[in-house]
1. From 70, 112, which residue is over 30 Å from residue 182 (Cβ atoms), among the charged types (D, E, K, R) and either open to solvent by 60 Å² or more (accessible area, probe 1.4 Å) or outside any loop (DSSP other than H, G, I, E, B) (or both)?
2. Taking the condition of being open to solvent by 30 Å² or more (accessible area, probe 1.4 Å), within 18 Å of residue 170 (Cβ to Cβ) and not in a helix (DSSP H, G or I), how many residues in region 259-292 meet it?
3. Of (1) among the small types (Gly, Ala, Ser); (2) touching a Lys or Arg at 6+ places or on another chain (Cβ under 8 Å); (3) at pLDDT 95 or above, residue 210 satisfies all except one. Which?
4. Just need a number here: residues in region 147-185 that are over 13 Å from residue 272 (Cα atoms), within 12 Å of the chain's Cα centre (by Cα) and of a type in the set (A, V, I, L, M, F, W, C).
5. Of all residues in region 207-258, which are among the aliphatic types (A, V, I, L, M), part of a helix (DSSP H, G or I) and touching a Leu at 6+ places or on another chain (Cβ under 8 Å)?
6. Pull up region 193-204, narrow it to residues that are surrounded by 24 or more Cβ atoms within 10 Å (Cβ to Cβ) and not β-branched (Val, Ile, Thr), then point me to the one that is nearest to residue 271 (Cα to Cα).
Amino acid sequence: MELVLDSREEKSLAKLCSYLDIPIRRAANRSGNGWLEQVLSCIGLSSLIDEYSNYFNPYSYNKGYTNDNDGFNPELGMLKLSNEIKHNKGILNEFLNEIFRRLDDMDQYLLDQIRNCVELLGYQLQIESTQIGMQYSLQYLSFGEVERQEEMSVVRKEINLNQPDILRYYNEALETYSNGNFKSCIDNCRTAYEKVFATLDNENGDYLKGILSATGETVIQDGAELKSKKKIFKYWLENNKGANRYRMMATLYSGMSGLGPHGEDKPLQEDALMILRMTEDVFLWLIQKRLI
């Protein structure tokens, strides 16, 4: 039986549900039973209240007595409910925002973990200080984020099907980003990137020649075809043209090296997210050209 892998979105969503468990418990205990009913009613999903409310109700009642609810499990409830609605991105966005706006102050460590998760889901965590405390909300990072998530599911599926050994490094890049290890994320992107292009050079497994082969570009000078990085970039410096795709992809690899564990620069979170997304976009480009 073929192994079916969870998408990037599914993994990030599961982690987010785990991180939100304690804040939701705190909010539900403060408000009492009916907390989820308020959330779902606000987004037009009151039909799901009966199915999921038990996961979010801290108390049960028996013969007039109030008891702790053994089924109180916000993490599991969030995971099950999110999985049911995740295919409707608009509804999922409304649901998560209704959850976040009901949470109270969270410590910085937890916020950092949540921020990493929601960025992999295509959101940006917004935090506003008000007279009644901190208020949280989610916004899409960019226009077309829903379509991008669908494209990344294709990337993951095709890599697993055609180059499964590369998938390990891509998964590690996602995992280390969500854990806040940005240098390791970039290093895993670099390894996956290098290995993919190395497979495209049939002679020596040279990733730079693999990039040149993938682009199909040629640079001719004095009747000779330039094939080395040094000569191609020198030609570009002198003529301001030539091998545009090659230069872009080769430079991306250099940036990964400079920001990775053995590089000279310390990456910021936004550096890691940019490189992760650029790596995914290059992989999608290769898939569209049927090279993966």
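1. Exactly one of 70, 112 is over 30 Å from residue 182 (Cβ atoms), among the charged types (D, E, K, R) and either open to solvent by 60 Å² or more (accessible area, probe 1.4 Å) or outside any loop (DSSP other than H, G, I, E, B) (or both), namely 70.
2. Qualifying residue count for the region: 2.
3. All conditions are met except number (2).
4. Number satisfying all stated conditions: 1.
5. Within region 207-258, 211, 214, 232, 250 qualify.
6. Out of the qualifying residues, it is 193.
The values are calculated or read from the model by the stated rules, or taken from the named source; none is laboratory data. Note that the structure is a prediction, hence the values are computed from the model and not measured. For neighbour counting, all protein chains shown are included, and Cβ atoms are generated from backbone atoms with ideal geometry for every residue, glycine included. When the accessible area is computed, the model is the full protein with side chains, heavy atoms only, and any ligands, DNA or RNA have been set aside. Shrake-Rupley method; radii C 1.70, N 1.55, O 1.52, S 1.80 Å.
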